[in-house]
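Q: I'd like to ask some things about the structure below.
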Ligand SMILES: Nc1ncnc2c1ncn2[C@@H]1O[C@H](COP(=O)(O)OP(=O)(O)O)[C@@H](O)[C@H]1O
């Protein structure tokens, strides 16, 4: 059994198949991370973080849902999905990788480095361990494939490369557009990708694996917009709907529909912050989206058929404090604004969107920006991804409206039946790309970065 | 490679506090034969580790050694102390490996102690928080160090499902410093939303809470720890009043035992009646009975710190006092018939309705102090016998352990390492009030319940969530505290269970197309190619599908089966009486019911010991399938040659 250990030999330079790349897909609501070649990301962590009054930042699922006094819940993104706090974003992304995949860098100290001298007594070779320690950066041992939204430009892209090389010690790096990766996840290299996430909806035309920059469209009408519509519906309801998150409730008692809650509420010495409450409310809203909200299938606007829809059966929903009601036509209204700007519910703080921000208009603008002769091909390969594309009936509405808007060419719409594949499409695409043999020549190596600086990213990662 | 045999298989399940291990699979699976505290002691040579504390034993000039000839030898002697944990290094914290050299030393020690054959494959039960790189590192260590022919990793949550024979469950593992909550679907761990190491949600949090409450009464951490493990510590479901408070029935307030042991008489009501209900019978002397001795009772309100009295030179005094007490007790025992009668009524009250109760505290600190004093063996034995209040109350321990399989001392440790244990524990009797019902009052139940809600809500496939709510497995030694599981279920019940809506109860038949809002975008064309159409390497998400098929096919009891439940599905709340099964089937929200998975019954020894370490049982099942039944056909383990070909990173293809 004393076979010489292959792994004491130096590992081939990033080409070795045994080194699986890390794939990092940051989004507004969650960061997805994992190893290339795997089916789903092993690590999905919230993009929000907790900020204590001491200035300390807390990352991860367990921290952000803990009702601590004086903890603010913050996001490193602007509300339209652009990173504004790079320092924190970097930490959150790093956390998504170290917490589940590679371990903290401290973890690697004093590791088992093998019985170099074969004496088998288990002594740790301290010198070797220390040498390792000096070199070790949290992600120093695997190339990193990172995604970015299609509309990200120059400086943002260069920043990603810089962070990977300087802070994480990545030996090689590649930056891919989310739209392209999502298309790959569906086995397509030519597609019109509609990605409906939390903060933004992005439409990306892709031909032969390349995103056509001029055709990329972006709009804030996405998951957060729907959540906001729900808040407004709740507030404007004749008897306002109480949006009370779980942490505020001590115990609830069943009550009849529409009757005020009879819950016992939790008492806090210092109640958690408003931002924490808002964040926890989002949990309830997501549940509401999953189990109650539905999209009117169109193709015409809901407004034209509202009388008809009123006869559809309602669906019940119970708030964490026990308050419950059956929601009828309201459950269709929250999504309608994605398609019909006039139908969006608005108030002083949330102005109505514009029609050109609605999904079908984004597609039209995107197609108008690309060559006429590829439009039919793109319409035959529409791909819908993103967490908010899971809203019931949404795809049917998109298809119906696209067919009505583009009567000539055949419109074909693909969306995975598998919820996981839909939610993590761009990560899965990255996983596929990162494990392709032919991809290895695409990496920007550390040496190249040192030679050419950050500008290399625009040349290599088109 | 020659086929593996049952007796060759080694299983190791490391935990922050206790590591379980076993060599060989018995015909009927048993709880781990080998239990090792997960700690090592730094040896005098840097970088080396010892499994026991090694104590320097100096000989005092005036003291003779009973065995002659010793005087000629070196003045310094060393002895191994199997009980003491002074200076120990614990290489895992909240499941994470924090000190690798120490952890490797621990594994090596276990491996050597089990003394396997060369043809021994190893199955390692992985903690949820171990990262992919940790798995690789361990794989490398095992192959390089032990040169064994085959190695496999099983996630502790997956292993738990194997133990219970259910493919789908929500596994809530309450450990020492943390809780892990995992949704397992068809034997596959759902990574997204998995709650890993939820801080301050383990047994230690409850000990600390007791300490907070009892600090004023001079309880130490160790006392609180033992109190928590005793049967008088109990967690009451939310809404149940503490005895003696306004909500409780008034007759309990006049508690005869409470009166008896609050200092009225120095002798207290004698001895425990053997076989008394759960060993709850209050015994004196408790705190507050230490009256009448000027120097020793500075703290009438609290527990006596005997150890510090001993060190401060009052040893003789306390020994004399104890002698006196014991004599008095013996006397009162003879004429104690009336006291016993007073107790008879008391015995019938369940623990949860008694304001006060006592437990036996094993004072290790005192023992350590005595040992540190370099007493002669004879004096040592004498001091011990005098200080021990537990002698002659043997009925105590067994009575407790049948109710709750908890014991302060891990019994099998001693059997695994037969080290001459010449010094037994010193037991003292301590009384506690209603603080003993408040171990979980720090919010641990709410935190875990919320974690379960988050874990299940993160399962993308909405349709499978109710199945997960109806298949809860609560285990781990942290959940052993009496009443914990019931109280947790009741917390979930009062906070998360959705009642049928009064508005739909009578118009329940919603169109069926609305009943599954899974958001799968019905009617959309299928993609031309799946995720692997572009050359994705079909690595599993943790489980090799072939392996899954093999393991389930070989084990009829692992075949998917409808979730079973036991009697305590909805404690504290109405059982499904109010919920006719089909009434709100279209309700998209979950849970509408919560249930615990019925405990497996195939293995009598496990049934007896309890299933808090069920992951080990699952590991036995898995090991049997992987190494014996399947013999590697489904690539269920990594062989040495696989390792040489693929390196440590290959392990992700072989773990489950
Ligand atoms: N089943 C569902 N139905 C409707 N909306 C959902 C569902 N699951 C998630 N969402 C919404 O999807 C959004 C997150 O989508 P995601 O693609 O992960 O965004 P990002 O990439 O910006 O992080 C959130 O607004 C969330 O509320």
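None of the figures in this text is laboratory data; all of them are computed from the coordinates on show. None of the values given here were measured: they were computed from a predicted structure. No Cβ is skipped: glycine too gets one built from the backbone with ideal geometry, and neighbour counts run over all protein chains shown.
Q: Classify the range B:141-186 from the C-alpha gyration tensor, please: rounded if a/c falls under 1.5, else prolate or oblate depending on whether a/b exceeds b/c.
A: oblate
Q: Something else about it: Treat the count of other C-beta atoms within 10 Å as a stand-in for reagent exposure and order A:410, B:598 from fewest to most.
A: A:410, B:598
Q: Ok, one more. Okay, helix-only estimate at 222 nm for chain A: each DSSP H run of n ≥ 4 adds -39500 (n - 2.57), divide by all residues, round to 500 deg cm²/dmol; what do you get?
A: When only DSSP H runs of four or more count, the value is -9000 deg cm²/dmol.
Q: In addition: Is there a simple number for the mean count of other chain Cβ atoms within 10 Å of the Cβ of residues in B:231-239, and what is it?
A: 1
Q: Right, here's the next one. Over the Cα atoms of the range A:333-462, what radius of gyration and what Dmax do you get, in Å?
A: Rg then Dmax for the range A:333-462, in Å: 19.4, 55.
Q: Calculate the FRET efficiency for residue B:27 and residue A:235 from the Cβ-Cβ distance with a Förster distance of 60 Å, rounded to the nearest 0.05.
A: The pair residue B:27/residue A:235 has a calculated efficiency of 0.35.
Q: Measure nothing fancy, just the Cα-based angle from helix A:274-291's long axis to the longest principal axis of chain A, in degrees from 0 to 90, nearest 10.
A: 70
Q: While we're here: Over the Cα atoms, compute the radius of gyration (one decimal) and Dmax (the largest Cα-Cα distance, rounded to a whole number) for the range A:223-343, in Å.
A: Rg and Dmax of the range A:223-343, Cα atoms, are 15.6, 52 Å.
Q: While we're here: What does the range B:127-233 give for Rg and for Dmax, in Å, if only its C-alpha atoms count?
A: Rg, Dmax (Cα atoms, Å): 18.3, 57.
Q: Expressed as an acute angle from 0 to 90° and rounded to the nearest 10, what is the orientation of the C-alpha long axis of helix A:223-236 relative to the principal long axis of chain A?
A: For helix A:223-236, the angle is close to 30 degrees.
Q: Something else: Shielding of A:306-315 by partners, i.e. mean partner chain Cβ atoms within 10 Å per residue?
A: That average works out to 3.
Q: Next question, about the same structure. No solvent, one uniform scatterer per C-alpha: report log10 I(q)/I(0) for the range B:80-155 via the Debye equation at q = 0.13 1/Å, two decimals.
A: Here the Debye-derived log intensity ratios amount to -0.44.
Q: Evaluate peptide A:412-422: per residue, the Cβ atoms of other protein chains within 10 Å of its Cβ; return the mean as an integer.
A: 6
Q: With no solvent and one point on each alpha carbon, what is the Debye value of log10 I(q)/I(0) for chain A at q = 0.09 Å⁻¹?
A: Per q value, in the given order, log10 I(q)/I(0) is -0.67.
Q: For helix A:425-434, report the angle its Cα long axis makes with the longest principal axis of the Cα atoms of chain A; keep it between 0 and 90° and round to the nearest 10°.
A: 20
Q: Could you line up B:242, A:302 from fewest to most neighbouring Cβ atoms inside 10 Å?
A: B:242, A:302
Q: Moving on to the next point. Sort B:502, B:156, B:466, A:416 by Cβ crowding within 10 Å, fewest neighbours at the top.
A: Least crowded to most crowded, the residues run B:502, B:466, A:416, B:156.
Q: What is the Cα coordinate range of the range A:276-354 on the first, second and third principal axes, sorted by size from largest, in whole angstrom?
A: In descending order, the Cα extents are 37, 31, 18 Å.
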